[in-house]
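A quick write-up on the structure given underneath.
The values are calculated or read from the model by the stated rules, or taken from the named source; none is laboratory data. Because the structure is predicted, anything quoted here is derived from the model rather than measured. Note: ideal-geometry Cβ built from the backbone for every residue, glycine included; neighbour counts use all protein chains shown. These area figures cover heavy atoms from the full protein model, side chains too; ligands, DNA and RNA do not enter into them. Shrake-Rupley method; radii C 1.70, N 1.55, O 1.52, S 1.80 Å.
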Amino acid sequence: MDLITTTSKLEAACERLARHPVITVDTEFLRETTYYPLLCVVQMASPDEAMVIDALAKGIDLKCFFELMANEKVLKVFHAARQDIEIIWHRAAIVPHPVFDTQVAAMVLGHGDSIGYDQLVERITGHRPDKTHRFTDWSRRPLTKEQIIYAVSDVTHLRDVFLALEPDLRKRGRSDWVSEEMEVLTSPRTYDFHPERAWERLKTRVRKLKELAVLMEVAAWREQEAQSRDVPRGRVLKDDAIGDIATHAPTTVERLAGLRSLPKGFDRSKWGAEIVTAVQRGLARDPATLPKLEKPRNNSNGAAIVELLKVLLRMTSERHAVASKVIATVDDLELIAADDHADVAALHGWRRELFGEAALSLKHGRLALAIEKGRVVRVDRA
């Protein structure tokens, strides 16, 4: 176990790690008060050693760490890698590759939806991880001995988890399933949050093109504001307020003041005027340039189809020991219910073979569900 606080020690450590085909990686960061996560600590391990890197150490240069993350000869093993990769992308414009995510692998192997690190470690190794420092302030210095031990254990236990999951994937012929997921996880588009695409992250649903145009402009304004001030999006404007603005489209600060979802006095701030300007930009947009609105899917027949698809999904998940979330989401099921050619993961690749074809057959009456001896079973129909 080693705490690295200098560039020279880090360069030597990365050189040693680069000789191994597989290493485990984790990060500790803070982002409660900022837009961009603050990288505080990096943990890495090979079969021979484990180390903790103080990313906030005075004068330390992380260049060799980022180069290791991009080294195609070294497989980087993370658990729930998205946020770790996002940090690396922000700091160095590098997406680690190749990558193996133990959370995704565990889902593919039937360990449940989005299983947590602690639960997975305990299930596979029998060891119960220490949770004491999970919510510690990793930006405070000096790091304590207990923090360092906790940080190291994250990547040493991860070695054991990987050594259990990887051969199980090969044995069941599911390595390619995980590889498909890693392609999305390691795509720069996954982390390149341009303001004009910020509206895609919102759960708010709009019914008119005018509302969509306003939603897009106000979401873009919030994203730019959060980036420039380096504060969380919600500190600039809450999601429900954006939805409210999109629906009512206030074109004056007086109308903006009438929205109850905004803090009192917000309309009198400089941001109030900027939001009104964003609303006006949205209303002026050419409808032909806007994305197509999804058709409402709340009709009774559609809802009934979705409920049947949920049952089929649960059956498929249990039968093949694959977490249902990794096969299809409820949104996927709604889209399948509305359109046989919906562009959803469940209708492509291994998911289509496992579930998608059966889902379409159920939708069109070529397959039925029945109860037999207290269990729901599939019945193929001529």
Q.
Against the condition open to solvent by less than 30 Å² (accessible area, probe 1.4 Å), within 22 Å of the chain's Cα centre (by Cα) and in contact (Cβ under 8 Å) with a residue 24 or more places away in the chain, how does residue 306 come out, does it pass?
A. no
Q: Return only the number of the condition from (1) of a type in the set (Val, Ile, Thr); (2) modelled with pLDDT under 95; (3) farther than 23 Å from residue 33 by Cα that residue 190 does not satisfy.
A: (3)
Q: Test residue 377 against the stated conditions and say whether it is in a helix (DSSP H, G or I), open to solvent by less than 60 Å² (accessible area, probe 1.4 Å), over 23 Å from residue 168 (Cα atoms) and of a type in the set (Val, Ile, Thr).
A: no
Q.
Conditions first: (1) over 30 Å from residue 221 (Cα atoms); (2) without any contact (Cβ under 8 Å) to a residue 40 or more places away in the chain. Residue 273 passes all but one, so which condition is the exception?
A. (1)
Q) Among (1) under 14 Å from the mean Cα position of the chain (by Cα); (2) surrounded by 19 or more Cβ atoms within 10 Å (Cβ to Cβ), which single condition is residue 124 missing? A) (1)
Q.
Suppose we keep only residues that are over 17 Å from residue 156 (Cα atoms) and in contact (Cβ under 8 Å) with a residue 60 or more places away in the chain within region 73-87. Which one would you say is most open to solvent (accessible area, probe 1.4 Å)?
A. 82
Q. Which one of these does residue 156 not meet: (1) hydroxyl-bearing (Ser, Thr, Tyr); (2) in contact with a strand residue (DSSP E or B) (Cβ under 7 Å, 6 or more places away or on another chain); (3) open to solvent by less than 20 Å² (accessible area, probe 1.4 Å)?
A. (3)
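Taking the condition of being in a helix (DSSP H, G or I) and either among the aromatic types (Phe, Trp, Tyr) or closer than 30 Å to residue 85 by Cα (or both), how many residues in region 192-223 meet it?
16
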Q. Can you name every residue in region 178-236 that is surrounded by fewer than 20 Cβ atoms within 10 Å (Cβ to Cβ) and within 14 Å of residue 285 (Cβ to Cβ)?
A. 196, 206, 208, 209, 210, 220
Q: Select, from 57, 12, the only residue that is of a type in the set (A, V, I, L, M) and either in a loop (DSSP other than H, G, I, E, B) or open to solvent by 70 Å² or more (accessible area, probe 1.4 Å) (or both).
A: 57
Q) Taking region 345-366, which residues are open to solvent by less than 80 Å² (accessible area, probe 1.4 Å), in contact with a helix residue (DSSP H, G or I) (Cβ under 9 Å, 6 or more places away or on another chain), without any contact (Cβ under 8 Å) to a residue 40 or more places away in the chain and not basic (Lys, Arg)? A) 345, 346, 347, 354, 356, 360
Q) Within region 100-137, which residues are modelled with pLDDT of 95 or more, closer than 29 Å to residue 33 by Cα and not in a helix (DSSP H, G or I)? A) 101
Q) List pairs: first in region 181-210 and among the small types (Gly, Ala, Ser), second assigned to a loop (DSSP other than H, G, I, E, B), Cβ under 9 Å, 6+ apart or cross-chain? A) 187/95
Q | Qualifying positions in region 328-344 - assigned to a helix (DSSP H, G or I), acidic (Asp, Glu) and either in contact (Cβ under 8 Å) with a residue 24 or more places away in the chain or in contact with a His (Cβ under 9 Å, 6 or more places away or on another chain) (or both) | A | 334
**Q.** Matching residues in region 325-344 - criterion: being surrounded by fewer than 19 Cβ atoms within 10 Å (Cβ to Cβ) and among the small types (Gly, Ala, Ser)
**A.** 338, 342
Q: Identify all residues within region 34-54 that are out of contact with any helix residue (DSSP H, G or I) (no Cβ under 8 Å at 6 or more places or on another chain) and open to solvent by 10 Å² or more (accessible area, probe 1.4 Å); write none if there are none.
A: 34, 38, 54
(Q) Of the residues 165, 143, only one is outside any strand (DSSP E or B), of a type outside the set (Phe, Trp, Tyr), within 23 Å of residue 31 (Cα to Cα) and open to solvent by less than 40 Å² (accessible area, probe 1.4 Å); which? (A) 143
Q: Please name all residue pairs, on different chains or six or more residues apart, with Cβ atoms under 9 Å, provided the first residue is in region 28-46 and is in a loop (DSSP other than H, G, I, E, B) and among the charged types (D, E, K, R) and the second residue is open to solvent by 50 Å² or more (accessible area, probe 1.4 Å) and modelled with pLDDT of 90 or more.
A: 31/38; 31/83
